[in-house]
Structure formats: C-alpha cells, structure tokens
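Below is one structure, written out as structure tokens; comments come after it.
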Amino acid sequence: MRRTLSLALALGLAATPALAHLDPGEHGSFLAGLSHPLVGLDHVLAMVGVGLWGAVLGGRARWALPTSFVGAMVVGFALALGGLDLPFVEPMVLASVLLLGLAVALLVRMPLGAAGTLVGLFGLFHGHAHGGELGAAGALSFGLGFVVATAVLHAAGLFIAWGYSKGMRHARLVRGMGWATALGGLWIVAGL
C-alpha cells in the first residue's frame, strides 16, 4: 500500500508540466485553451479525480460525472466572461481537489444526483477560474480548447480506474490515486 501510494503521488506530480500558459498570440486561442488545464496541478488533479470517482461509482456515473463537470464548467466560464464574480473561486478549486481525492481514496458512495451536483459545483468554479484567465485569447476557441482538455483528463481518470472492480490490486491503485490527489491538494494549499 505504501509503495502504491508513493508511486501514485510521484506519477501525479511528475505528470504536470512546469510551463506557463501558452500565449494565444503566438500559439492561437485553441491551443492556449487546450494547454490551460494541463499546466495547473489543481486542475489536473481535480479533473482526473472526476474520472476516477465516476469509475468508482460505476454505471451511469462514468459518463454523468464528467458531463456534469464540463457542462457546469462552461456555465462558469460564461459567468466570468459576463463579468459576474463568484465568491471563493480559488478556495473552491482547491476544495474540489481535496474532496474528489478523498471521495476516491475512501470509495465514497452517494446517489448519482448528489454526486453529479457536487461535481457540477466544482466544475462551475473551475470554469470561472478559466474565464478569469482568458487574457487576449478568443473566448470561443479558448473555451473549446479547455473543454477538450478537460474531457481528456476525465477520460484519463476513467481509463486509470478501468479495472477497478477487477481485483484488489487495482482497487489499491485507484485508492492510492485518490490519496495522491488529496495529498496533492494539501501540497498546493501549503505552497500558497
């Protein structure tokens, strides 16, 4: 268990590029949006965590949780573009990392509607954070880029947990990824 947790944490931290956001003027708005969620550890951990938790819950949750997150993320992005401020955006983004990590690590079960609502709430704040960092990028292209990147990160979480129900060893890996996510969230908080 200890080795699995250490490996999961190391892989999670190593997978995040140490790059600044792409300049939309140089790379285009779509690529800037595509790279945006991939260069923030908080976004990577939360979005992979959505896929992991969807796999843990199984059934319709595999597609419902990512769909809820992405849909609410688009709404949050639109709110930011419209100038409507949400309170506690960054704390909610960090809370999403911690809570999704714990949900996976502890194999938390809840009704699909409640899980989808919680994940959607997190998506709303992630989308608002993306909208607040639009800069000179074109909103539609940038938004499409980060929606694609988010879907890929959700799919990565689902893929990692693909064999979750197929054995104890894989269940330990998934739980270890949950603990790594939660610890990554604490690490981010400690660095603030």
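Net charge of the neighbourhood of V89, taken over other residues with C-beta under 13 Å away and scored Lys/Arg +1, Asp/Glu -1, is -4. Here the ratio of the Cα radius of gyration of segment 49-191 to 2.2 N^0.38 Å is 1.04.
Order these peptides, 181-191, 128-138, by their mean beta-carbon neighbour count within 10 angstrom, highest first.
Working: 181-191: 17.7, 128-138: 19.6.
Result, highest mean first: 128-138, 181-191.
Taking a Cβ cut-off of under 14 Å around L112, the surrounding Lys, Arg, Asp and Glu residues balance to a net charge of +3, with basic ones at +1 and acidic ones at -1. A cut-off under 11 angstrom between Cβ atoms defines the neighbours of G132, and their net charge, with Lys, Arg +1 and Asp, Glu -1, is -3.
Any read-out appearing in this document is the output of simple, stated calculations on the displayed coordinates, not a laboratory observation. This structure is a prediction, so every number in the text was calculated from the model and none was measured. Neighbour counts are summed over all protein chains in view; Cβ atoms, including those assigned to glycine, are modelled from backbone coordinates with ideal geometry.
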